[in-house]
Amino acid sequence: MKYGSPTAINSVATGVVKYLLDLSELAIHENLALASSAYGSIPNAAATVVDQMAAQFRNRGIAPVPIKFHRHGGFAMSNYGCLNPGERQLAMSRRTVTLNTDCAAKLAGKTLVVFDDLRCTGAHEDVLVKLLNLSEQKPSRVLFVYWIRFSDTLNQSNPQFEDLLNHAKIETLEDLMQCFSESKSESGRALTINARLVKFILKGGSGNRHFLLPEFFHAAGRDFCQQLFSASQSTDGYCRHRDLSKGFQILLRHIEMESQPKRDHDH
């Protein structure tokens, strides 16, 4: 899920939807609103799950209202999973999260479900709660749902364990290429673009192994590379960041080479 596997995204979404439908006291059939944790232009992993949740609800005759908490600035390029509790609070203080007036107006009387893949110290949740409390239009109830939730002991003593989870299966570009191959085999689809995936690829994986990028881009295919290119040029600014610009230039050269007319050779 963290790295865009459609199979994992669908599996998590299915589990969360079943959990919500099993909550007999939760009257969601006509008053459901769905949101993920805040993000900028490019969806985070949680947002891709929320999109799939919305599709599954619609298949059941339930039309949830989409809500987006927008992130401005902050720590988009830092490794948040490695921060301790105090550093996380400081990082959150450097970002701004907003809810536009159109989204706010849709919340009145709704049951708002906010999904995130992991709750560690609760810093993200605190920001959203404060924002909702300041809104003139308030939902009737707010339910935060997490796929993984750290114990109080762990989130105070070692929240950096989040980083180990983030790289438990995908640590190198070779790992990601294997995940890409499995995705094609299992679902017939490429990886779903999210912010973590964009940063991971452009950085050349955790080992900054940019020399592997041409092979990866060739295996990924034109459509995926074009999606990655568009995401890299978003207002989130990945293509301009010093740690990611090298990977972006390699991507740009690959796309330019692929767009050149193929020459026919005489035999």
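What is the distance, in nm, between label points placed 7 Å from the Cα along the Cα-to-Cβ direction at LYS169 and at GLU136?
Taking the simple label geometry, LYS169 and GLU136 are separated by 4.6 nm.
So between VAL65 and LYS246, what do we pick up on full extension, going 0.36 nm a residue minus the alpha carbon distance?
Length difference between fully extended and current span is 61.2 nm.
Between SER259 and MET177, what FRET efficiency comes out of the Förster formula 1/(1 + (r/R0)^6) with R0 = 25 Å and r the beta carbon distance, rounded to 0.05? If you can, show how the numbers build up before the last one.
Working: r = 23 Å, r/R0 = 0.91.
The computed FRET efficiency comes out at 0.65.
Taking amide H positions as placed 1.01 Å from N in the peptide plane, with prolines and chain starts having none, which residues 5 or more places from LEU32, or on another chain, fall under 5 Å of its amide H?
HN-HN under 5 Å from LEU32: VAL65, THR111.
Roughly how much of GLU186 is accessible, in Å² to the nearest 10, using a 1.4 Å probe?
120 Å²
Could you go through the stretch 181-187 in sequence order and give the Karplus-derived ³J(HN,Hα) for each residue, using 6.51 cos²θ - 1.76 cosθ + 1.60 with θ = phi - 60°, rounded to whole Hz, and x for Gly and Pro?
5, 5, 4, 4, 6, 7, 10
Can you compute the modelled spin-label distance between ARG189 and ILE148, with each label point 7 Å from Cα toward Cβ, in nm?
Those two pseudo-labels are separated by 2.2 nm.
Sort 228-236, 59-67 for me by packing, meaning the mean count of neighbouring Cβ atoms within 10 Å per residue, highest on top.
Those peptides, ordered most packed to least, come out 228-236, 59-67.
Which whole-Hz couplings ³J(HN,Hα) result when phi for each residue of the stretch 246-258 is put into the Karplus expression 6.51 cos²θ - 1.76 cosθ + 1.60, θ = phi - 60°, listed in order with x for Gly and Pro?
Residue by residue, the stretch 246-258 yields 5, x, 5, 5, 5, 4, 4, 5, 4, 5, 5, 5, 5 Hz.
Put a dot 7 Å past each Cα toward the Cβ at LYS106 and ALA55; how far apart are the dots in nm?
My value for the distance between the label points is 1.8 nm.
So which chymotrypsin sites (Phe, Trp or Tyr not before Pro) in the stretch 107-147 pass both tests, a DSSP loop state and at most 13 other Cβ atoms within 10 Å of the Cβ?
Sparse-neighbourhood loop chymotrypsin sites (Phe, Trp or Tyr not before Pro): none present.
The values are calculated or read from the model by the stated rules, or taken from the named source; none is laboratory data. Keep in mind the model is a prediction, meaning the values are calculated, not measured. We place every Cβ from the backbone using ideal geometry, glycine too, and count neighbours over all the protein chains shown. SASA here: full protein model, heavy atoms, side chains in, ligands and nucleic acids out. Shrake-Rupley method; radii C 1.70, N 1.55, O 1.52, S 1.80 Å.
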